[in-house]
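The values are calculated or read from the model by the stated rules, or taken from the named source; none is laboratory data. Keep in mind that what you see is a predicted model, and the values were worked out from it rather than measured. Please note: Cβ atoms are built from the backbone with ideal geometry, for glycine as well, and neighbour counts cover all protein chains shown. Just so you know, the surface numbers come from the protein's heavy atoms only, side chains and all, with ligands and any DNA or RNA stripped out. Shrake-Rupley method; radii C 1.70, N 1.55, O 1.52, S 1.80 Å.
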There are 2 protein chains.
Amino acid sequence: MNTPMKVTLLAGGVGGAKMAEGLAALPDVDLSIIGNVADDDAFHGLWVSPDIDTLTYSLADVIDRTQGWGVADEGHRALQTLSKLGAETWMTLGDRDFGLHIHRTMRRAKGDRPSDIARDVANAFGVKPQILLPTDDVVQTRVRTDDGWLSFQEYFVRERCAPEVRELAVHGLSDARPTPEALEAIAGADLIVVAPSNPLVSIAPILDVPGIRAAVSDAAALKVAVSPFIGGKVVKGPADKMMKALGERPDALGVARRYASIIDALMIDRVDAPLGAEIRAEGLDILSSATLMKSRDDKARLASEIVDYARAQQLETRIAS
Amino acid sequence: MNTPMKVTLLAGGVGGAKMAEGLAALPDVDLSIIGNVADDDAFHGLWVSPDIDTLTYSLADVIDRTQGWGVADEGHRALQTLSKLGAETWMTLGDRDFGLHIHRTMRRAKGDRPSDIARDVANAFGVKPQILLPTDDVVQTRVRTDDGWLSFQEYFVRERCAPEVRELAVHGLSDARPTPEALEAIAGADLIVVAPSNPLVSIAPILDVPGIRAAVSDAAALKVAVSPFIGGKVVKGPADKMMKALGERPDALGVARRYASIIDALMIDRVDAPLGAEIRAEGLDILSSATLMKSRDDKARLASEIVDYARAQQLETRIAS
C-alpha cells in the first residue's frame with residue numbers, strides 16, 4: 001500500500017470535472033479541488049456557480065452524462081414559469097439545479113461564506129474530495145467582442161461562443177482575496193495538477209486571484225498540467241478559438257508556454273508528440289498518453305498515469321537526497 | 001344587456017378563489033379582487049404568497065383542481081434538492097410554483113411594488129379580473145398555541161391546524177398602509193362581496209389594514225358576504241375550530257355578527273335557514289342558496305344569485321328615488 005498522496009487539482013468546468021473524477025477514483029489519493037468561480041453569475045436573482053456545480057454533480061455521480069453538465073432526470077418547469085413571466089431563459093437551468101441555486105442564494109444572503117456553502121453542498125451530495133473555492137469574493141470573466149463586452153455566460157451560452165474574442169477581463173480580480181483553504185491545499189500538496197480545462201477562462205481566473213499563483217509557485221509539490229488540446233483541437237468549449245484570437249498557440253505548446261513558469265511537467269496527447277522538443281525547450285518534462293476522457297476507465301487511467309509519475313519523482317527525489 | 005356591474009371581492013384562499021371564478025364567469029361583471037397577503041412568508045429565501053397565487057392559478061385555470069391549490073402538472077425536483085441540502089420541506093412548493101416565487105422575490109429585491117408584481121403576474125397568466133393587494137407592506141398572521149406562537153404556515157401546513165388556537169395576531173398591521181388600488185376598487189364598486197373565506201385569518205387581515213374597513217363602510221356599494229359555514233361546518237380549513245376556540249359562534253350567525261357593521265346582506269346555505277331570524281336581528285338581509293361550490297356551474301350560479309340580488313336592489317333604489 002502506498003502512502004496517501006495529497007493531490008490538489010485546479011479545475012474548470014467539464015474537463016476539470018472529468019479529471020477530478022479520475023483522481024477521485026484512485027486509492028491512496030487525498031484529493032482537493034480548487035474550482036473556477038469566474039463563470040458565476042446571477043440569473044433570476046439567484047446565484048449560479050456553473051463550474052463548482054459541475055464538479056459537485058460529477059463527483060456525486062448525478063451529472064447528466066449526455067450533456068456533461070446539469071443534473072440527470074431533470075425537469076424544466078420552473079424555467080417554463082419564468083419564461084411565461086417574461087424572463088430570458090437561454091441559460092437552461094433545471095428544476096433540481098434550481099433547488100441548489102435557491103439554497104446557495106439564501107445562504108449567501110445570510111452572509112455565509114461561499115466556501116462553506118460549497119463544502120456543505122458537496123457533503124450533502126456525498127462528495128468525498130474537498131471542493132474549494134479560490135476566493136470567496138465575486139470575480140467574473142467578461143468577454144469583449146466586436147459588439148462590446150459580454151458576461152461569460154452571455155458569450156458562452158447565449159452566443160454559443162460564436163463572436164470573435166477581442167479581449168478577456170476578470171472583474172473583481174485585483175481586490176479578490178484567496179481563501180485560506182485554497183492556499184492550504186496548495187501549500188500542503190504532494191502533487192498539484194492543472195486540469196485539461198480552458199487555460200484562459202477556467203485556469204487563469206484561479207491562478208490570477210492575488211496570492212494563488214505565488215502559492216503554486218512556492219509550493220513544494222510536483223506540478224503537472226494536462227493539455228486540453230489534442231492535435232490543436234479541444235474536446236469541448238472555445239479554448240482553441242480563444243487562444244488563437246488572443247495571439248497564443250492553440251495547442252499543447254501554447255499551453256506549455258502559459259504554464260511553464262509554474263509547472264514541472266505537461267501531460268500531452270500522443271498525437272502531440274511532434275511538439276515534444278519545443279515543450280521540453282520550455283523547461284518542462286513531458287508525459288504522453290491518450291488524453292481523451294470518455295469512460296470512467298479513461299479518467300482513472302489518465303489520473304493514475306499522472307499520480308504514478310509523481311510517485312516515481314518522489315522516489316527519485318528521496319533517493320537523490 | 002345589463003350595464004356592467006363593478007364588483008369588488010374580498011377573498012382569501014381556496015374559497016375566495018372559487019367565488020372569484022364564479023364572478024369572473026359572469027357577463028357584465030367588471031371584477032376586482034382584493035386578496036389576503038397575511039399568509040405570505042419566506043421559504044428558502046423566496047417570498048411565497050399562497051392566497052394571491054391561488055387566485056391567480058384558479059383564474060388562469062392552471063390550478064391543481066384535485067388539491068385546490070398549486071399548479072397542475074407539477075413536479076417537485078427543486079424541493080428534492082432542497083431536502084437533500086437539509087431544508088425543511090413541509091411547505092410543498094412545486095417546480096412551476098417555484099418559478100413564480102423566484103420571479104416575485106427577484107422583483108421585490110429590485111424594489112418593485114408587490115401590487116405591481118401581482119398585477120404583472122396575473123397579466124402574464126392571462127387573468128382578466130384585477131387581482132389587488134390590500135397593502136404593499138408585510139403583514140403576517142401569527143397563531144398562538146399552547147406551544148407558543150407559530151407562523152401561519154407553520155400552524156396551517158406543518159401542524160395541519162391540529163393545535164388549539166389561543167390567540168391570533170397580525171404582525172405589521174398597525175403600520176400597514178392600504179394600496180390606492182384597493183381603496184379605489186372599494187370606493188368605486190357597485191357591489192362588494194366578502195367571499196366564503198375564513199373570517200379570522202383570510203378576511204380580517206384585509207379589513208384590518210388601516211383604512212380598508214372604513215373604506216368598505218363608507219362605500220356606496222351594496223355589500224354582501226357569503227357564509228363559509230354550512231350547518232356549522234366549513235368546506236375546508238380550520239375556520240370552525242378557530243371561531244369556537246376564540247369564543248365566536250362557528251356558524252352563519254357568527255359570521256353575521258362579525259360582518260354586521262359593514263355588510264347589508266348575508267348569503268347563507270339553505271341548511272342554515274333556522275338561523276334566519278337571528279341573522280335578521282343583526283340588521284342583515286338574507287340570501288339563501290346551495291352554497292357548496294364544486295363545479296364550474298356551482299360557482300357561476302352562486303355568483304349570479306348574488307349579482308342578480310344586487311341588480312334588483314339597484315333597481316329598487318332607483319325606483320324609490
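Give the average over all directions of the projected area of the C-alpha convex hull of the range A:1-99, one decimal, in nm².
Projected over every direction and averaged, the Cα hull of the range A:1-99 covers 7.0 nm².
Starting from a label point 7 Å past Cα on the Cβ side, list the distances from A:ALA25 to the same position in the other copies, nm, shortest first.
6.1
Please report the antiparallel percentage of the DSSP beta bridges confined to chain B, to the nearest 5. Display every interim value, and only then the final one.
Details: 16 of 42 bridges.
Around 40 percent of the beta bridges assigned by DSSP in chain B are antiparallel ones.
Using Cα pairs closer than 8 Å and at least 6 residues apart in sequence, work out the relative contact order for the range B:69-220, in percent.
Values: 172 pairs, mean separation 27.4, N = 152.
Relative CO of the range B:69-220 lands at 18 percent.
Which of the peptides A:129-136, B:238-245, A:159-166 is most tightly packed, and how do the rest follow, going by the mean number of other Cβ atoms within 10 Å of each residue?
So the peptides A:129-136, B:238-245, A:159-166, ranked by packing, come out A:129-136, B:238-245, A:159-166.
What net charge is computed for the residues neighbouring B:SER217, neighbours being all others with C-beta under 15 Å from the C-beta of B:SER217, Lys and Arg scored +1, Asp and Glu -1?
0
Residues of chain B: accessible area per residue at 1.4 Å, in Å²?
Here the residues of chain B average 41 Å² of exposed surface.
Can you give the translational diffusion coefficient of the range A:154-304 in µm²/s, computed by Stokes-Einstein from the Kirkwood radius over Cα pairs at 25 °C and 0.890 mPa s?
Using the Kirkwood radius from Cα pairs, D works out to 151 µm²/s.
Provide B:TRP90, B:TRP69, A:TRP149, B:TRP47 ordered by accessible surface of protein heavy atoms (probe 1.4 Å), highest first.
Largest to smallest exposure gives the sequence A:TRP149, B:TRP69, B:TRP90, B:TRP47.
Mind listing, in residue-number order, the residues in the range B:73-87 that have at least 30 Å² less accessible area with every protein chain present than in their own chain alone (1.4 Å probe)?
B:ARG77, B:ALA78, B:THR81, B:LEU82, B:LYS84, B:LEU85
Along the charge dipole of the protein assembly as shown, which of B:ILE34, A:LEU207, B:ALA220 sits closest to the positive end, that is, farthest toward it, with unit charges on the beta carbon of Lys, Arg, Asp and Glu (+1, +1, -1, -1)?
Of the options given, the answer is B:ILE34.
For the pair B and A, how large is the buried accessible area, both sides, in square angstrom to the nearest 100, if the probe is 1.4 Å?
Approximately 2300 Å², summed over both chains.
Greater than 19 Å separation of Cα atoms is the criterion. Which listed pairs, A:LYS6/A:LYS128; A:LYS84/B:LYS84; A:LYS299/B:LYS84, meet it?
From the list (A:LYS6/A:LYS128; A:LYS84/B:LYS84; A:LYS299/B:LYS84), the Cα-Cα distance tops 19 Å for A:LYS84/B:LYS84; A:LYS299/B:LYS84.
Could you work out, for the range B:225-268, what percent of all Cα-Cα pairs fall into each 10 Å distance bin, beginning at 0 Å and stopping at the bin that holds the largest distance?
The percentages, shortest bin first, are 32, 55, 13.
As a test of reading the structure, rank B:VAL14, B:VAL48 by solvent-accessible area (1.4 Å probe, protein chains only), most first.
B:VAL14, B:VAL48
For the range B:4-142, give the magnitude of the charge dipole about the Cα centre (Cβ charges: +1 Lys/Arg, -1 Asp/Glu; no others), in debye to the nearest 20.
200
Cα extents of the range B:91-162 along the three principal axes, largest first, in whole Å?
Over the range B:91-162, Cα extents along the principal axes are 42, 27, 26 Å.
Rg over Rh of the range B:1-40, using C-alpha atoms and the Kirkwood radius, what does it come to?
A ratio of 1.05.
Considering only C-alpha atoms, what is the centroid distance from the range B:47-88 to the range B:285-306, in Å?
With the range B:47-88 and the range B:285-306 each reduced to a Cα centre, they are spaced 27 Å.
Using protein chains only (no ligands, no nucleic acids) and a 1.4 Å probe, work out which residues of the range B:21-52 have their accessible area cut by at least 10 Å² relative to the chain alone.
Listed in order, they are B:HIS44, B:GLY45, B:LEU46.
Given Cβ point charges of +1 (Lys, Arg) and -1 (Asp, Glu) and nothing else, what value in debye, to the nearest 20, does the dipole of the range B:1-41 about its Cα centre take?
Using only the charged Cβ atoms, the result is roughly 200 debye.
In the full protein assembly as shown, how much of A:GLU278 is accessible to a 1.4 Å probe, in Å² to the nearest 10?
Only protein atoms counted, so the area is about 80 Å².
In the range A:91-184, with Lys and Arg counted as +1 and Asp and Glu as -1 at Cβ, which of these residues, A:LEU168, A:LEU93, A:HIS103, has the Cα nearest the positive end of the dipole, that is, farthest along it?
Going by the charge dipole, the pick is A:HIS103.
Taking only Cα atoms of the protein assembly as shown, what ratio of Rg to Rh do you get with Rh as the Kirkwood inverse-distance radius? Display every interim value, and only then the final one.
Working: Rg = 32.1 Å, Rh = 28.1 Å.
Result for the protein assembly as shown is an Rg/Rh of 1.14.
Keeping all protein chains in the complex and leaving out DNA, RNA and ligands, what accessible area do you get for A:ARG177 with a 1.4 Å probe, in Å² to the nearest 10?
150
By the scheme Lys and Arg +1, Asp and Glu -1, what is the net charge of all other residues having a beta-carbon under 12 Å from that of B:ASP146?
Its environment carries a net charge of -2.
I'd like the antiparallel share, as a percent to the nearest 5, of DSSP beta bridges with both residues in the protein assembly as shown. Could the numbers behind the result be given before it?
Values: 32 of 84 bridges.
Roughly 40 percent of the DSSP beta bridges within the protein assembly as shown come out antiparallel.
Would you mind computing, in nm to one decimal, how far apart the modelled labels at A:ASP137 and A:GLU282 are, each placed 7 Å from Cα along Cα→Cβ?
Going by the 7 Å Cα→Cβ label model, 2.8 nm.
Set Lys and Arg Cβ to +1 and Asp and Glu Cβ to -1, take the dipole of chain B about its Cα centre, and tell me which of B:VAL234, B:LEU133, B:SER151 lies farthest positive.
Of the options given, the answer is B:VAL234.
Take the solvent-accessible surface of the protein heavy atoms, probe 1.4 Å, and return the percent of it on the protein assembly as shown that carbon and sulfur atoms account for.
Reported share for carbon and sulfur atoms: 49 percent.
What are the nm distances, shortest first, from B:HIS171 to its equivalents in the other copies, labels at 7 Å along Cα→Cβ?
Listed shortest first, these distances are 3.5 nm.
Can you tell me the relative contact order of chain A? Whole percent, Cα pairs under 8 Å, sequence separation 6 or more.
19
Calculate the mean, over all residues of peptide A:90-102, of how many other protein chain Cβ atoms lie within 10 angstrom of the residue's Cβ.
6
Tell me, what is the Rg over Rh of the range B:52-181, with Rh the Kirkwood radius over Cα pairs?
0.98
Hey, if you drop one equal point scatterer on each alpha-carbon of chain B and run the Debye formula without solvent, what base-10 log of I(q)/I(0) do you get at q = 0.07, 0.08, 0.10 Å⁻¹?
Ignoring solvent entirely, the Cα scatterers give -0.26, -0.34, -0.54.
Taking the Cα centre of the range A:14-76 as origin, work out the dipole magnitude from +1 charges on Lys and Arg Cβ and -1 charges on Asp and Glu Cβ, in debye rounded to 20.
So the magnitude is around 100 debye.
I want the antiparallel fraction of DSSP beta bridges within the range A:179-321, as a percent rounded to 5. Mind dumping the intermediate values first?
On the way: 2 of 14 bridges.
Antiparallel: roughly 15 percent of the beta bridges in the range A:179-321.
When every alpha-carbon pair in the range A:263-321 is counted, what percent end up more than 13 Å apart?
More than 13 Å apart: 66 percent of the Cα pairs in the range A:263-321.
Could you pull the copy-to-copy label distances for B:THR66, with points set 7 Å along Cα to Cβ, in nm to one decimal and sorted shortest first?
Result for B:THR66, in nm, nearest copy first: 2.7.
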